[in-house]
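The values are calculated or read from the model by the stated rules, or taken from the named source; none is laboratory data. As the structure is a computational prediction, the values presented were derived from the model and not from experiment. For neighbour counting, all protein chains shown are included, and Cβ atoms are generated from backbone atoms with ideal geometry for every residue, glycine included. Accessible surface is based on the protein model in full, side chains and every heavy atom, while ligands, DNA and RNA are left aside. Shrake-Rupley method; radii C 1.70, N 1.55, O 1.52, S 1.80 Å.
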Amino acid sequence: MSGDLVTRAGSALDACEAALRAIEGVASLNAVLTTTTERARARAAAVDALSDDARRALPLAGVPIAIKDN
């Protein structure tokens with residue numbers, strides 16, 4: 001995934017939306033307690049706006065993550 005984001009074969013916003021859909025798909029499991037949807041979308045859009053040089057310097061920028069919060 002990070003390679004696609006660096007080469008712009010995929011967008012950070014697309015990756016973000018896919019992660020959000022995956023979270024919604026397993027909502028019944030109550031595995032994700034807090035979802036910062038708008039913040040995630042805003043940050044993904046900011047990554048998509050980075051120059052190619054900046055993206056190469058930040059290879060994981062735009063890769064969705066989940067942090068355990070219990």
Selection count where residues are of a type outside the set (D, E), surrounded by 10 or more Cβ atoms within 10 Å (Cβ to Cβ) and part of a helix (DSSP H, G or I), scope the stretch 30-52: 9
Cβ pairs under 9 Å, 6+ apart, first in the stretch 53-65 and part of a helix (DSSP H, G or I), second open to solvent by 50 Å² or more (accessible area, probe 1.4 Å) and modelled with pLDDT under 90: R55/T7; R55/R8
Those residues of the stretch 57-70 which are open to solvent by 70 Å² or more (accessible area, probe 1.4 Å) and within 14 Å of A12 (Cα to Cα), in sequence order: L58, L60, I65
